[in-house]
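We did not get these values from a lab; they are worked out from the coordinates using the rules stated. None of the values given here were measured: they were computed from a predicted structure. Here Cβ is always computed from backbone atoms with ideal geometry, including for glycine, and neighbour counts include all displayed protein chains.
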Amino acid sequence: MQHRSMAEICYREPTSEDIPDLVDLDQRSLGGLWSASTYGREIDSPNSCLRLLTIPNPAYHRVIALGCYWIILEEAHLTLLAVDPAYQRRGLGQWLLIQLLVDARQRGLHRATLEVRCSNQVAILLYQRLGFQVLGQRQRYYADGEDALILWHQSVQSPAFHALLEQRAARAKDRLDQQGWQLREPERPIPDP
């Protein structure tokens, strides 16, 4: 499915009405990682930051990407980053990841971590470009037996990371603008260090 020129994308928090669309996207892009009840718990949890990208339509709001992190002490544990297969490789995942990291900075979190499949070189490169480093490996972490790399970013509050987020956010937005996407961005600046 291709987007129309100047299609609008909204970045927002989900509601319980979005759960069927979240489960559908999860099935198509993650193979059914989380259930409807899991998404319901994430929406209701004060320790979960679940965000999505939608293409608004008068009849429906199509969810094209979702991302989530858990707040664990002073750490953002990134648990999900999924983009509809029809919209992958356009920069939407990068833009959404940046927004999640901006949110973590605003909440005063100091570190970020995640697990990623060893075979997912595209995702690994994306995380490394944002300063994440491989600090370990979990054996047979995924249901199919594949190992996961453990990535960390130790200085989410640093001025250097703030500058990197600003730079990457501008590049991601430019890339989306060139493709005809009109972002309805969150109404908050990236906070100064």
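Figure legend. Inter-residue proximity from region 132-160: first residues under 25 Å from GLN106 (Cβ atoms) and touching a residue at least 40 places away in the same chain (Cβ under 8 Å), second residues outside any loop (DSSP other than H, G, I, E, B) and among the β-branched types (Val, Ile, Thr), beta-carbon distance below 9 Å, spacing 6+ or different chains. Indicated pairs: TRP152/THR113; TRP152/VAL134; HIS153/THR113.
Within region 165-179, restricting attention to residues that are surrounded by 17 or more Cβ atoms within 10 Å (Cβ to Cβ) and not charged (D, E, K, R), the residue that is nearest to GLY93 (Cα to Cα) is ALA172. Go through region 150-164 residue by residue and tally those that are surrounded by 12 or more Cβ atoms within 10 Å (Cβ to Cβ), hydrophobic (A, V, I, L, M, F, W, C) and either in contact with a helix residue (DSSP H, G or I) (Cβ under 7 Å, 6 or more places away or on another chain) or more than 16 Å from LEU100 (Cβ to Cβ) (or both). So the answer is 4.
Could you check region 31-62 and list, in sequence order, the residues that are in contact (Cβ under 8 Å) with a residue 40 or more places away in the chain and assigned to a strand (DSSP E or B)? Listed by number, the residues that qualify are CYS49, ARG51, LEU52, LEU53, THR54, ILE55, PRO56, HIS61, ARG62. In summary, ASP147 fulfils each of the numbered conditions (1) touching a Cys at 6+ places or on another chain (Cβ under 9 Å); (2) buried (at least 17 other Cβ atoms within 10 Å of the Cβ); (3) more than 22 Å from LEU53 (Cβ to Cβ) with the single exception of condition (2).
Among the candidates ALA76, ALA65, ALA104, the residue that is in a helix (DSSP H, G or I), touching a strand residue (DSSP E or B) at 6+ places or on another chain (Cβ under 6 Å) and closer than 26 Å to LYS173 by Cβ is uniquely ALA104.
Would you confirm, using the coordinates I've provided, whether LEU135 is over 18 Å from the mean Cα position of the chain (by Cα) and exposed (fewer than 14 other Cβ atoms within 10 Å of the Cβ)? In short, yes. I'd like the residue in region 116-134 that is polar (S, T, N, Q) and in a loop (DSSP other than H, G, I, E, B) and, out of all such residues, is farthest from ARG89 (Cα to Cα). Applying the filter and picking the extreme gives SER119.
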